[in-house]
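Trainee: This is the structure, below, for whatever I ask next.
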Amino acid sequence: MSYTIETIGLTHYYSKGTVQQVAAINDVNLKIEKGELVGIIGHTGSGKSTLISHFNGLLKPDSGKVLVDGVDIWKDKETLKKSRFKVGLCFQYPEYQLFEETVYKDIAFGPKNMKLSEAEIKERVMRAAAFTGVKAEHLGKSPFDLSGGEKRRVAIAGVMSMEPEVLIFDEPAAGLDPRGRNALINLIKDYRKQTGSTVIIVSHSMEDIAEMADRVIVMNNSSVAMQGSVDEVYSRGDELRAMGLNVPEITEIFAKLRAKGLDVPQNVYTVEQGAAILRKLLERGSAK
Amino acid sequence: MSEKIIEFENVTFAYETEEEDAPVQFPALTDVSLTINKGEFVAVLGHNGSGKSTLAKLCNAILEPTKGKVTVKGIVPDTEEKADEVRRIVGMVFQNPDNQIVATIVEDDVAFGPENLGIEPAQIRKRVDDALKSVNMYEFRHREPHKLSGGQKQRVAIAGVIAMQTECIVLDEPTAMLDPKGREEVMQTVKRLNKEMGITVVLVTHFMDEAVQADRVVVVDGGRIVMNGKPREIFSNVEKLRSFGLDVPQSTELCHVLGIKEGVLDVDECVDEIARLAGGAL
Ligand SMILES: Nc1ncnc2c1ncn2[C@@H]1O[C@H](COP(=O)(O)OP(=O)(O)OP(=O)(O)O)[C@@H](O)[C@H]1O
Ligand SMILES: Nc1ncnc2c1ncn2[C@@H]1O[C@H](COP(=O)(O)OP(=O)(O)OP(=O)(O)O)[C@@H](O)[C@H]1O
Ligand SMILES: [Mg+2]
Ligand SMILES: [Mg+2]
């Protein structure tokens, strides 16, 4: 069996051969299965963006390999090109992604490159725009004349319109307002359910990752420091904090309640989960 | 009475763009009146496209009102000279740090603002080093700002405004790309500048847990100011905030959904309230 994405000894240096040479990722070995929703977290500069830029061949490894569906993407030109359609990547700063004259053309860029029919392109653009909350009146506008969060939505729509088998988002919710953030989380969950796509999300929001991810990968100083389920990773709060990360506010609340002697579980990562537990506890309390 | 530092009087702003040869107006702010007092820490919240960045750019004369008046310490920036004067009073961190990078070396980039203010070189050196240290970027001082990670660029941009030591700083989503620890450190730095040095702070953010730490919260919706008050007042109204596309911190939400208390602002308040009520369950 092959994995959707597999990295073997993946290593990348920037400014190679100069005094400033940095190993941005060092000997990274990962296996991502079809249909998984993987969250990648890690401190600023830990190598997350560098790592995912290898998954669709945007960066070339200095050593090691990236396999997509079992095939080395750098095998030949044809394989590299195919992997670019298969794996859609949405950049950390939407400005890097936007370049067309209008919002419509920007979202249509991918499907056009895929040589789809005009009708199919239009349908995909409208669907992706509606999905991501791009306003109809913005479609004719220049993407550069939008607010930060509006640009972000267009950039996400531009990747979704390609309907790739693997969707990779680098900080997709950064700059989105809270409603947009929640909508995006639901959108990604629904999209995955409907299409069975593999989704990889880089995020600094421990809350968002807790709500979405099947598996969490923690990057620290260019290497993978931990991986596992939300529970497995988030239960190691002290180690996470030592790496510049933390746990969701709700998890902290439960830790402090326990410290005060309340009999509540440790592994609470969403408000919904926490509220359900406390409701029971408070009912019991008032019944006494 | 407190001294005003920035005053918006009935300010309307519309962007004008050419679309298929005909100019089109996009109204971004409508009839906004707002006073920021000297020494205050004000957070600005609002949905995407509500007009926050537009408001921020009007504070330091990057944009000029279409209608109405913005006054900074008595100065109306209607000439280039006066606009420069305003920029010496109000420093700004843009939403996208790439728009802020002006030099090819990190420390030169941070020195750019103070140099423009005419500060003497020895003083600049110290300010740049201190600013870079305060955002944990000192060891990156010889690097190229373009070749940094997203969060590292954001820290450099913040150092740039800290080094200017202007009386007022406006930060447009400065922590959007930072890791949890970095976000906390930037909030500590901002609060230190505010409390210890008396620097007025205007912070645009989508993080509710940051807004909670301000003296006052202003909510913008569709180009108008719709709420303006102390964090506790603002965050007591969960449903109203949601109707504006916003949210509340998890501590606030938990107490709200449990129906035990409104306007709880942080983890400790939340824990105390629950522990008190659960006393019977111990
Ligand atoms: N173009 C570049 N040239 C040289 N060094 C770079 C370049 N891009 C990134 N780096 C360095 O490589 C390391 C990893 O960067 P990367 O962008 O992968 O981090 P990240 O985990 O995505 O961080 P963030 O959370 O801040 O976005 C950092 O130390 C960064 O300074
Ligand atoms: N250069 C521009 N030309 C035309 N319209 C613009 C321009 N910049 C912003 N706008 C429009 O003005 C409105 C307000 O934009 P602004 O950038 O102030 O929003 P914001 O509240 O900062 O949003 P965000 O949270 O997404 O950063 C939006 O509807 C936006 O589309
Ligand atoms: Mg990054
Ligand atoms: Mg903005």
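Trainee: Highest mean first, what order results for B:213-222, A:245-254 on Cβ atoms within 10 Å? Don't skip to the end; give the middle numbers.
Mentor: Working: B:213-222: 20.5, A:245-254: 22.8.
Top to bottom by mean Cβ count within 10 Å: A:245-254, B:213-222.
Trainee: OK, next. Using a Förster distance of 25 Å, how high is the FRET efficiency between residue B:116 and residue B:82, based on the Cβ-Cβ distance and rounded to 0.05?
Mentor: E(calc), rounded to 0.05, equals 0.95.
Trainee: Could you state the number of Å between the C-alpha centres of segment B:192-216 and segment A:107-162?
Mentor: 35
Trainee: Testing the spin-label approximation: label points 7 Å from Cα along Cα→Cβ at residue B:75 and residue A:62. State their distance in nm.
Mentor: Inter-label distance under the simple model: 4.7 nm.
Trainee: Right, here's the next one. For a quick protection proxy, order the peptides A:47-58, A:146-157 by their average other-Cβ count within 10 Å, most packed first.
Mentor: Highest-to-lowest ranking by the protection proxy: A:146-157, A:47-58.
Trainee: Arrange the residues A:269, A:13, A:96 by how much accessible surface each exposes, largest first, with a 1.4 angstrom probe. If you can, show how the numbers build up before the last one.
Mentor: Numbers: A:269 20, A:13 75, A:96 115 Å².
Descending accessible area places them as A:96, A:13, A:269.
Trainee: How far, in nm, would the chain grow between residue A:221 and residue A:279 when pulled straight, counting 0.36 nm per residue and subtracting the alpha carbon separation?
Mentor: 16.8 nm
Trainee: Where a Cα-Cα gap under 18 Å defines reach, which lysines qualify for residue A:48, not counting those fewer than 8 residues away within the same chain?
Mentor: By straight Cα distance, residue A:48 reaches A:31, A:60, A:65, B:147, B:153, B:181.
Trainee: Counting only protein chains, not ligands or nucleic acids, how are B:33, A:222 ordered by accessible area (probe 1.4 Å), most first? Spell out each step's value before the answer.
Mentor: Details: B:33 65, A:222 20 Å².
Listed by decreasing accessible area, they come as B:33, A:222.
Trainee: Can I ask one more? What net charge do the residues around residue A:62 carry, taking every other residue with its C-beta under 14 Å from that of residue A:62, with Lys and Arg at +1 and Asp and Glu at -1?
Mentor: Residues near residue A:62 contribute +2 overall.
Trainee: Let me ask something else about it. Which whole-Hz ³J(HN,Hα) couplings does segment B:63-76 yield from phi under the Karplus relation 6.51 cos²θ - 1.76 cosθ + 1.60, θ = phi - 60°, glycine and proline marked x?
Mentor: Per residue, the Karplus-derived 3J(HN,Hα) values read 10, 10, x, 6, 9, x, 9, 10, 10, 10, 6, x, 9, 9 Hz.
Trainee: Mind checking B:259-266 for the average number of partner chain beta-carbons within 10 Å of each residue's beta-carbon?
Mentor: For peptide B:259-266, the averaged partner shielding equals 1.
Trainee: Indicate the gyration tensor shape class of chain A (rounded, prolate or oblate), computed on the Cα atoms with a ≥ b ≥ c the square roots of the eigenvalues: a/c under 1.5 is rounded; otherwise a/b larger than b/c is prolate and the rest oblate.
Mentor: In terms of gyration-tensor shape, oblate.
Trainee: In debye, nearest 20, what is the charge dipole magnitude of chain A about its Cα centre with +1 on Lys and Arg Cβ and -1 on Asp and Glu Cβ, if you could check?
Mentor: My answer is approximately 200 debye.
Trainee: Can you give me the three principal axis dimensions of segment A:33-153 from its C-alpha atoms, in Å, biggest first?
Mentor: Over segment A:33-153, Cα extents along the principal axes are 46, 37, 26 Å.
Trainee: For a quick check: with amide H placed at 1.01 Å from N, whose amide H comes under 5 Å from residue B:92's, ignoring anything fewer than 5 positions away on the same chain?
Mentor: Residues meeting the criterion, in which the H sits 1.01 Å from N, are B:170.
Trainee: Say R0 is 51 Å: what FRET efficiency, to the nearest 0.05, do residue B:67 and residue B:105 get from their beta-carbon distance?
Mentor: 0.75
Trainee: Sticking with this one: Would you mind working out the magnitude of the charge dipole of segment A:248-288 relative to its Cα centre, with +1 at each Lys and Arg C-beta and -1 at each Asp and Glu C-beta, to the nearest 20 Debye?
Mentor: It comes to approximately 240 debye.
Trainee: I need the peptides B:172-183, B:259-270 ranked by packing, meaning the mean over residues of other C-beta atoms within 10 angstrom, with the highest value on top. Each step should come with its number before you reach the end.
Mentor: Numbers: B:172-183: 24.0, B:259-270: 17.9.
Packing proxy ranking, top to bottom: B:172-183, B:259-270.
Trainee: What shape does segment A:1-45 have by the C-alpha gyration tensor, where a ≥ b ≥ c are the square roots of the eigenvalues, rounded means a/c under 1.5, and otherwise prolate means a/b greater than b/c and oblate the rest?
Mentor: oblate
Trainee: Sticking with this structure for a sec: Work out from phi, with θ = phi - 60° and the Karplus expression 6.51 cos²θ - 1.76 cosθ + 1.60, the ³J(HN,Hα) of each residue of segment A:68-83, listed in order in whole Hz, and give x for Gly and Pro.
Mentor: 10, 6, x, 10, 5, 5, 8, 4, 7, 4, 4, 5, 4, 5, 4, 5
Trainee: Once you average over the residues of A:235-246, how many Cβ atoms of partner chains fall within 10 Å of each Cβ? If you can, show how the numbers build up before the last one.
Mentor: Numbers: counts 0, 0, 0, 0, 0, 2, 2, 1, 3, 10, 3, 5.
Taking the mean over all residues of the peptide, I get 2.
Trainee: Let me ask another. Ignore the peptide's own chain and count Cβ atoms of other chains within 10 Å of each Cβ in B:197-210; give me the average, rounded. Before the final figure, lay out the partial values.
Mentor: Numbers: counts 0, 0, 0, 0, 0, 0, 0, 1, 0, 10, 2, 1, 1, 0.
Across B:197-210, the average partner-chain Cβ count within 10 Å equals 1.
Trainee: Next question. Using Cα-Cα distances under 8 Å and only pairs 6 or more residues apart, what relative contact order does segment A:248-288 have, in percent?
Mentor: Averaging sequence separation for qualifying contacts and normalising by length gives 36 percent for segment A:248-288.
Trainee: Another question about this same structure. Looking at segment A:248-288, I'd like the Rg to Rh ratio, where Rg is from alpha-carbon atoms and Rh is Kirkwood's inverse mean 1/r.
Mentor: Ratio of gyration radius to Kirkwood radius: 0.97.
Trainee: Tell me the Rg and the Dmax, in Å, that the Cα atoms of segment B:4-248 produce.
Mentor: For segment B:4-248, the Cα-based Rg and Dmax read 17.8, 53 Å.
Trainee: Now a separate question. Over the protein assembly as shown, what portion of Cα pair distances is larger than 37 Å, expressed as a whole percent?
Mentor: Here the tail beyond 37 Å accounts for 35 percent of pairs.
Trainee: Here is a further query. Go through segment A:248-262 residue by residue and turn each phi into a ³J(HN,Hα) via Karplus (6.51, -1.76, 1.60, θ = phi - 60°); whole Hz please, and just put x for glycine and proline.
Mentor: x, 3, 5, 5, 5, 4, 5, 4, 6, 5, 5, 4, 7, x, 7
Trainee: Around residue B:204, under 12 Å between beta carbons, what's the net of Lys plus Arg minus Asp minus Glu among the other residues?
Mentor: -2
Trainee: Amide H to amide H under 5 Å from residue A:25: which residues, 5+ apart in sequence or cross-chain, H placed 1.01 Å off N in plane?
Mentor: A:12
Trainee: What per residue convex hull volume, in Å³, do the alpha-carbon atoms of segment B:125-172 yield? Intermediate values should be presented prior to the final figure.
Mentor: Working: hull volume 3.6 nm³, N = 48.
With only Cα atoms used, segment B:125-172 gives 74 Å³ per residue.
Trainee: Rounded, prolate or oblate: pick one for segment B:216-270, where a ≥ b ≥ c are the square roots of the eigenvalues of its C-alpha gyration tensor, a/c under 1.5 means rounded, and failing that, prolate if a/b is larger than b/c, else oblate.
Mentor: Taking the square roots of the gyration eigenvalues as a ≥ b ≥ c, segment B:216-270 is prolate.
Trainee: What number comes out for accessible area per residue over segment B:4-248 if the probe is 1.4 Å? Units Å², please.
Mentor: Values: 10080 Å² over 245 residues.
Roughly 41 Å² per residue, with all protein chains present.
Trainee: State in Å² the accessible area per residue of segment A:130-287; use a 1.4 Å probe, count heavy atoms of protein chains only, and round to the nearest integer.
Mentor: 39
Trainee: With charges set only on the Cβ (+1 for Lys and Arg, -1 for Asp and Glu), what does the dipole of segment A:78-138 come to about its Cα centre, in debye to the nearest 20?
Mentor: 340
Trainee: Which value at 222 nm does chain A reach when only helices count, each DSSP H run of 4 or more adding -39,500 (n - 2.57), with the total divided by all residues and rounded to the nearest 500 deg cm²/dmol? List each step's numbers first, then the result.
Mentor: Details: 11 runs with 119 residues, N = 288.
Here the helix-only value at 222 nm equals -12500 deg cm²/dmol.
Trainee: Cα centroids of segment B:139-160 and segment A:82-96: how far apart, whole angstrom?
Mentor: Each part reduced to its Cα centre gives a spacing of 24 Å.
Trainee: Starting from the amide H of residue B:29, placed 1.01 Å from N in the peptide plane, find each other amide H under 5 Å away whose residue is 5 or more places distant or on another chain.
Mentor: Residues meeting the amide H criterion: B:13.
The values are calculated or read from the model by the stated rules, or taken from the named source; none is laboratory data. None of the values given here were measured: they were computed from a predicted structure. Virtual Cβ from ideal backbone geometry, glycine too; neighbours counted across all protein chains shown. Note: accessible area is taken over every heavy atom of the protein model, side chains too, but ligands, DNA and RNA are not part of it. Shrake-Rupley method; radii C 1.70, N 1.55, O 1.52, S 1.80 Å.
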